[in-house]
Every structure is written in C-alpha cells, then in structure tokens.
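Asker: This is the structure I have questions about; it appears just below.
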Amino acid sequence: MAAKKAVLFNFWGVVVPSKPGGVFHKLEELHNLPRGFLSSVASKSKGALIQAEKGQMTLNQMIPTFEAECSKQAEVRGVALPSDWCASRLLEEVRTAMMDVQDLVLKTSASLRYHGVLTAVLANHWLDDSASGDHPARLLCLLGSNFNLLLQSCHAGHRVPEVAMFNSALDQLGVPSQQVGDIPLRVTQQLIPDAAAEPDQPLQALWLDVDQESLKAAETAGMEAVLVENLEAALQKVSHFTGVQAVGAESPPIPCSPDQVSHGYVALRVTTLLCQPPGVRTHYVEMGCGPPVLLCHGFPESWYSWRYQIPALAAAGFRVLALDMKGYGESTAPPGGHTQKYTQYKVSVYSLMIGKCSLADIEEYSQEKLCKDLISFMDKMSIPQVTLVGHDWGGILVWTMARYFPERIRAVASLNTPLFPLDPSKPASERLKALPAFDYQNYFQKPGVAEAELENDLERTFKIFFSSSREAVSRTRPAESGQDRTISSDHTCFLRRVVRLSAHRGSALEVRTSAGLRHRSKVKGGLFVGLPQQIPRSSMLTEADLRYYVDRFRGSGFRGPLNWYRNNQANWKWMCSQPTGKVALPALMVTAGKDPILLPAMSDGMEGLVPNLSRGHIEDCGHWTQMDKPAETNNILISWLRETHGPPAPKL
C-alpha cells in the first residue's frame, strides 16, 4: 500500500495571513517606537515570548516578564515607552490576528482530506490561561476539526522553524521522515553513491510557509517546501504535489464522510409487549456549535443526503443535527427490516398478532406521530427551540411542525416542498386525483408490493432514483415503440414516459401527461418495468456514496419509508381536527426550476399562508437539491440563517 501524503501549513502567514512581526510593526507605528523594537525583544531565544511558545511558561506568567524585557531594552536603546504601555495591548492585537483564519485554506484541507491526504497545522502558540473568553477555544476547535493534526509549540516543546517540530508532526501523522541524521534523504543520495543505489523515494510531505528559514528546516526534515507569496499560486503547487485538484473561492463544497461527524442515538419510546410496536430510536449525526439547526431528509434518502450542507452550516456558526428519519437507516421503528424479514416473521407462530398490529405499524408514520417523535427527540436532547430545514417528505414534516407545534420552532425552511393549503372539504385522496403526477402513490399503498420491487436490486434502485438535472436528457431510452422513457431527477421519474407540466393559471395547476399514464404501475406490473437492467451511476454520486445508500437500505429496507405514504387520509383527518392559522415564523421556501413534480409554481401564493416568507430559487436544479446544487443550496441557507439568527459569532 502506498504511503499517504501529507500537507503541513504554518499557522502564521498561511492559515492566517498575519505574522506576529506584522502586529509588532503596527504597534511600533502606533506608539512611535523604533521599527523592529518589539520584534527584537520577542525574538530573543531566552526571552519570555519564545519560552511561552515552547511551553516553559503560561501566558499569564509571560506578560509581566515580557513587559520587563521591553522596559530593559528601551533603557538600553534610549527609547521612551508610552506611559500607558502594557504587553496586554500587544497580546490583544496578536489574539485578534489569530482569529482571521482563511476560508481558502480550510477548503483546501477539506478537499485534501476527502481525497485521503493528511493535513496538519504547526502553530507557535502559547498556553492561554488568561480566561479572556472563548475565542481561543473556538479557534482550536475549528483547527482541530478541519485538519488531521494541530501541533502547538507550547505542547510540543519545540517551535517552528526547529527541525524537531517537523519531525514530531510527521511522526504523529505516521508519515516516514526521509532524512539521515540532519541531512535530507535526497541530499544523502547525491553525496553517497551507495545510498543512491535504490530508486529515489518520492517525498511524502509538503510544507507551506512565508518564511525562508522554516522552508530550509522543513527540507532538512525530508519534506518538500513551498514559499507562499501568493496563496492561490501556492495551492496550485499543493495540487501538483498531491494530485488533488486545487480549490478556489468558487469551488464546490466538500462533503463530510460518515467518520467525520459525531453519531448519536436517542431512545424515544421503549415497549415490551409483543403486540405493541417495538421501541422507537432515532439516529442522528452532529457537527458544530451555535443555534441548533435540524435537517430532515426525504424519500428514499438518509442523513447522508445533507453531506454537503453539514460542514458548511457548522462552519457558518450553527449546531447542525441531521436525522435518519423514522424508518430509515439506523433510526428504528416498527416493523423493522425489509420485506423478506417481515414476511418470514409474519408466517411465524405470532402471525395473527402481527396481522392485528400491521395497521398500528403504518400509523407510526403519520404526521401526528412523526411530529410528536421529533418533539421527544428535542426534549431528550434538551433543545427548547430549533430551526428546521426539510426536503421532500422532510419538507412536509417541517411545515407540519411549524403549523401545529410553533412553540418549539425558531424558524423553518423547505427545499422543493411547498406548504399546501388545507382544505377540510376535500379529502387527501380527492386532492391526489387532481394531480396525476402523484398517481404513483397508489402503487405504494399496499404493504409489501412496492417493497419487494424496490428491494430486489438496491444498487439498481438507487441508480434509477438519483440523477441530476443535467442528466435527465442523457439518461433517456426508447421504452416502447414511438415512446421515450426518461430516468429523471426525482423519485417519481420512473413512473413517466414523458411528463410535461405547465405553470398554473390562478390556483389551478395544469398537468399534462402522455396517454395511459394513470395506473401504469398497476397495468405494467411495477415501477421499473421497461427500464434497462444496467443503469449508469449518476455523476451526483461517487461509488462510495452509492454503497452507503445501498448498505443503509439493505439493513432497514423500504417498509418504513413507504409507510410515510400510507397515512395520507389519516394525516388529513388529524390536520382538520387541529386549530390551523398562518405560519408566523421566519420561513424560507427554496424552489428548483427543473424539479418535474414539485414545481416552483406550486409555491405561488404561499405568502398568504406564511407572511414572513423568504424565497430562494435555483433554476438549473432537479429534485435532489442538496446533491444537485450543493454550493447554491448552502449559500441560500447560510444567508437566510444568518439573517434569521442575527450576526454570526466573531469570525475565526
């Protein structure tokens, strides 16, 4: 196995653009001190600042010692220090400079780590025991979560540019040092012919800095070194070294992987009686700190569908929680497992009891139960209020929460799914008849039928489900003579040969479909009949992404997800029984121009139901908004969240 490569960044001058010397110069000008005065005191090898950086004293111990050193130097050089001079002012300026972390460096680290390259920050820091607030803690948390290693000089006992600092970092990263004694291996090979007998070994680590002295030290430690004069130009050299495409200010966001987030489980209900539903447990992932934002996915997805949004929202200053919704992934709910497991269980000695419980199993997925489970989750997590963001069925749930449990919601946002007005005079079944594009839901009603087809070949199922707006045309093939079959970008795509949906006039939505579409699944015998067996994987998914979805549904199956569809009538009756007013909360509706089912036109008039509604629109985007257009989605969400929650915490 090839050794992993590593990229190491100096904190000063690279991760943050400033260097302590620049801060010193600024204060020298401010106080009319000779240029280089403060730097000359700070750079003394036995001075207080360097001792603090090596962990030989704390910040509180360093301040009076440094002030005394400045006074002594001023006396020697005949310099008059200002009457209000104190080291605390200097250190406050340094602390402010430390917080200015460059976004481009964080994006680069995320991209490198995503592609298997190790990253590290080497920082000449002191141990801050000043109790001056949480800024130092937030900085360390930011660096610790975005790099494989944060090596502070105060804990290492060495500082940049000492070779020992580089050797310590390489050792902790597990990257072999390519030097013989104090001489780099490549130099040794040039000087000693025997050492050059074996093929040259490529360097495995790269160092970025603005200081020539540290570049030489890094080379001595057996690393390649890059002088950072222009950050983007230096990052191009990182790309050449690692083979990972360089990121820019407009590069797409980097997703998080399952091992980069915290996983948690909350038991919502525990039952012991055989004829009652088994306990309900919710699995969630979490990242970041700040106001809580809870992400609710749709059908047939996973918390993983928010992989592009989780790190971006966390970096923007929010505590992000993404759920496996009820019946999905590791969130358990009755009956559990896929169709095959359910069938085997049903024919057991307890089949009669289970048959009686099947209706209760379906009711577990009603909007009433789902809302109450979400409230139980918040209670057990001690979250009084939360901002909800939903997509697809998750969008329906967050609107339901905002409408009937507004006390627990700070704000609400939905991707693609509008808030539909409730009509007590028209049952849900009648409403669906007026929208032929939703006719596929009839096929989902009988338990076990759709499950068997969807679970038959999970990899093929998800290749059919997931495609971007750009791929809808390219993934078209003849289905029957004279007719086209489009594998489009939403979970109803496979029901249509060609679906043409036009903007509505007034409140009437006109939906035109090819002849014979209605009840097609019943006539043809399934959703996927007529599609080729081999389906290309969408460019929206990597092979690892596809495997993650397949593995999750191999364990949980489609029974729970499909049960969400089997409560339309129950949902309508319950909602009609509840007091219903306008949604007064801050709200966001994001529409997608190429979603062939949840049309932007369906959200027209929502301001009448949601007075404080903000809007976002992504024109060239299909149904899978978070994956199809992650950068645009993140920009819209972060802008709205910051506007809703006020200014973010001080920038790091």
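The values are calculated or read from the model by the stated rules, or taken from the named source; none is laboratory data. All values reported here derive from a predicted model rather than from experimental measurement. Note that each Cβ is placed from the backbone with ideal geometry, even for glycine, and that neighbours are counted across all protein chains shown.
Asker: Being at pLDDT below 95 and out of contact with any Asp or Glu (no Cβ under 8 Å at 6 or more places or on another chain) narrows it down to one residue among G608, G581; which is it?
Answerer: Only one candidate qualifies: G581.
Asker: Looking at (1) surrounded by 18 or more Cβ atoms within 10 Å (Cβ to Cβ); (2) of a type in the set (S, T, Y); (3) without any contact (Cβ under 8 Å) to a residue 24 or more places away in the chain, find the lone condition where T96 falls short.
Answerer: Every condition holds for T96 apart from (1).
Asker: Could you check V610 against (1) under 13 Å from A413 (Cβ atoms); (2) not in a loop (DSSP other than H, G, I, E, B) and say which number it fails?
Answerer: Of the numbered conditions (1) under 13 Å from A413 (Cβ atoms); (2) not in a loop (DSSP other than H, G, I, E, B), the odd one out for V610 is (2).
Asker: Return the residue satisfying two criteria in turn: it lies in region 81-100 and is among the polar types (S, T, N, Q) and assigned to a helix (DSSP H, G or I), and of such residues it is farthest from N60 (Cα to Cα).
Answerer: T96
Asker: Within region 28-38, work out how many residues are in a helix (DSSP H, G or I) and either assigned by TED's automatic domain parsing to the domain that holds E162 or surrounded by 18 or more Cβ atoms within 10 Å (Cβ to Cβ) (or both).
Answerer: Count: 2.
Asker: Collect the residues in region 595-611 that are surrounded by fewer than 22 Cβ atoms within 10 Å (Cβ to Cβ) and among the charged types (D, E, K, R), keeping them in residue-number order.
Answerer: Correct list: D604, E607.
Asker: What strands (runs of 3 or more DSSP E) lie completely within region 221-324 and have 1 or more residues being touching a residue at least 40 places away in the same chain (Cβ under 8 Å)?
Answerer: Qualifying strands (runs of 3 or more DSSP E): 262-269, 280-287, 292-296, 319-323.
Asker: Go through region 55-80 and count every residue that is surrounded by 18 or more Cβ atoms within 10 Å (Cβ to Cβ) and assigned to a loop (DSSP other than H, G, I, E, B).
Answerer: 2
Asker: Now for a separate question. On the basis of being modelled with pLDDT under 95 and crowded, with 19+ Cβ neighbours inside 10 Å, does E471 make the cut? Walk me through it before giving the result.
Answerer: Values: modelled with pLDDT under 95: yes; crowded, with 19+ Cβ neighbours inside 10 Å: yes.
The answer is yes for E471.
Asker: Another question, if that's okay. Where the second residue is part of a loop (DSSP other than H, G, I, E, B) and the first is among the polar types (S, T, N, Q) and lies in region 72-92, which pairs have Cβ atoms under 8 Å and are six or more apart or on separate chains?
Answerer: Q73/V79
Asker: Hey, can you tell me all the residues within region 266-285 that are over 11 Å from A333 (Cα atoms), of a type in the set (A, V, I, L, M) and at pLDDT below 95?
Answerer: Within region 266-285, L273, L274 qualify.
Asker: Further question on the same structure: From the list F9, F24, which one is farther than 22 Å from L173 by Cα and surrounded by 19 or more Cβ atoms within 10 Å (Cβ to Cβ)?
Answerer: Numbers: F9 fails: farther than 22 Å from L173 by Cα.
Unique residue meeting the criteria: F24.
Asker: Go through region 421-433 and give me each residue that's in contact (Cβ under 8 Å) with a residue 60 or more places away in the chain and assigned to a loop (DSSP other than H, G, I, E, B).
Answerer: P421, L422, P424, P427
Asker: Any residue at all in region 354-369 that's at pLDDT below 90, buried (at least 20 other Cβ atoms within 10 Å of the Cβ) and either on the phi > 0 side of the Ramachandran plot or assigned to a loop (DSSP other than H, G, I, E, B) (or both)?
Answerer: Scanning region 354-369, I find no residue that is at pLDDT below 90, buried (at least 20 other Cβ atoms within 10 Å of the Cβ) and either on the phi > 0 side of the Ramachandran plot or assigned to a loop (DSSP other than H, G, I, E, B) (or both), so the answer is no.
Asker: Any idea which of (1) crowded, with 24+ Cβ neighbours inside 10 Å; (2) without any contact (Cβ under 8 Å) to a residue 12 or more places away in the chain is the one T591 doesn't satisfy?
Answerer: For T591, the exception is condition (2).
Asker: Right, next: Give the number of residues within region 595-611 that are within 22 Å of F465 (Cβ to Cβ) and without any contact (Cβ under 8 Å) to a residue 40 or more places away in the chain. Outline the logic, then answer.
Answerer: The first filter runs over region 595-611 and keeps only residues within 22 Å of F465 (Cβ to Cβ), leaving 595-600, 602.
Next cut, without any contact (Cβ under 8 Å) to a residue 40 or more places away in the chain only: 600.
Of the residues in region 595-611, 1 are within 22 Å of F465 (Cβ to Cβ) and without any contact (Cβ under 8 Å) to a residue 40 or more places away in the chain.
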